[in-house]
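Data block below; observations after.
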Amino acid sequence: MARRPVIAGNWKMYKLLGEAVETALALKPLVANANHCEIVIAPVYTALKTVADRLEGSNIKVAAQNCSTETKFSARTGEISADMIKDVGCAHVIIGHSERRQFFGETDESVNQKTKAALHSGLTAIVCVGETLDERESGNAEQIVKSQLVNGTDGLTVSDMERIIIAYEPVWAIGTGKTATPEQAQEMHGFIRQIIAEAHSEETAKNIRILYGGSVKPENINDLMNESDIDGALVGGASLEAESFAKIVNYR
Ligand code: 13P
């Protein structure tokens, strides 16, 4: 079965509630005819419920940007569980974004726990991996991505892996305007598929969606999507405006 593309927008810590709703509602008609891909937007926690309610019945799904490692009600001040995310109408959660790894001490181990928590709650986990500039320049990009992948998906079953989406986001390409070339991205995506085949199975590797993230724009989405192992995009800056995100969704 062909892999269905996913175009996801990560709104990071942008937009107050009113702006989030406004952008979501502006997006709705612009992508209403996009049947070729799944469309996901990830507003901040405080906007999730309202945005999900306002998009109900549309072809746009809503994701959270993080979740707790804890699955039960517990004394974890400030945390939000995967069940709570599911409860407000989300279908997806982004896990292990490089900004969480960089600023909030996210590790491969916590990524693994959060991924399991997300799957346990019936969410699809968008698990992020990617090397820094230093790691790429020192020739360690593949090694880093491999360990993030293998450790992040450790212990997941075949059916768990069916509800995982991988996002390859080279840290040096995030918010810098410096996209990986389609060839660079394809090379890493092919490598990721090979690692999944070794760590899980050929079948899982064949079916899993691998998104590219890092300065994706309406101008470069086509070339990226033409690569055989690129199954979609995780878009930051260019997802904040409905018009530019819609152009990315409607890349073909
Ligand atoms: P930019 O598209 O702004 O580079 O951000 C990418 C990203 O971090 C998406 O998660």
Checking the structure you have, find out if any residue of the range 177-199 is open to solvent by 30 Å² or more (accessible area, probe 1.4 Å) and in contact (Cβ under 8 Å) with a residue 60 or more places away in the chain. no
Looking for something within 16 Å of the ligand (Cβ to nearest atom) and either modelled with pLDDT under 95 or closer than 17 Å to ALA197 by Cα (or both) - is there at least one such residue anywhere in the range 82-97? no
The residue that is nearest to ASN59 (Cα to Cα), considering only those in the range 115-131 that are away from the ligand (no atom under 16 Å from the Cβ) and of a type outside the set (Ser, Thr, Tyr), is LEU123
State all residues of the range 98-114 that are within 16 Å of the ligand (Cβ to nearest atom) and of a type outside the set (D, E, K, R); if no residue qualifies, say none. SER98, GLN102, PHE103, PHE104, VAL111
For ASP229, work out the one condition from (1) at pLDDT 95 or above; (2) open to solvent by 10 Å² or more (accessible area, probe 1.4 Å); (3) within 15 Å of the ligand (Cβ to nearest atom) it doesn't fulfil. (3)
Need the failing condition index for PRO218 against (1) open to solvent by less than 30 Å² (accessible area, probe 1.4 Å); (2) closer than 22 Å to GLU38 by Cα; (3) not in a strand (DSSP E or B), just the number. (1)
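Residue-by-condition table, conditions (1) over 21 Å from GLU243 (Cβ atoms); (2) among the β-branched types (Val, Ile, Thr); (3) in contact with a helix residue (DSSP H, G or I) (Cβ under 8 Å, 6 or more places away or on another chain):
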site: ASN33; (1), (2), (3): no, no, no
site: GLN65; (1), (2), (3): yes, no, yes
site: SER74; (1), (2), (3): yes, no, no
site: ILE95; (1), (2), (3): yes, yes, yes
If the requirement is being in contact (Cβ under 8 Å) with a residue 24 or more places away in the chain, closer than 28 Å to ILE192 by Cβ, of a type in the set (D, E, K, R) and surrounded by fewer than 18 Cβ atoms within 10 Å (Cβ to Cβ), which of these qualifies: GLU70, GLU109? GLU109
Return the residues of the range 154-188 that are within 16 Å of the ligand (Cβ to nearest atom) and touching an Asp or Glu at 6+ places or on another chain (Cβ under 7 Å); say none if nothing qualifies. PRO170, VAL171, PRO182, ALA185
Condition check: closer than 18 Å to SER110 by Cα and outside any loop (DSSP other than H, G, I, E, B). Does ALA185 satisfy that? no
Give the range 239-252 a look and list any residue that's open to solvent by less than 10 Å² (accessible area, probe 1.4 Å) and in contact with a Lys or Arg (Cβ under 8 Å, 6 or more places away or on another chain), or say none. ILE248
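The values are calculated or read from the model by the stated rules, or taken from the named source; none is laboratory data. All figures in this text were calculated on a predicted structure; none of them were measured in a lab. Note that each Cβ is placed from the backbone with ideal geometry, even for glycine, and that neighbours are counted across all protein chains shown. Protein only, heavy atoms only, side chains kept; ligands, DNA and RNA dropped before computing areas. Shrake-Rupley method; radii C 1.70, N 1.55, O 1.52, S 1.80 Å.
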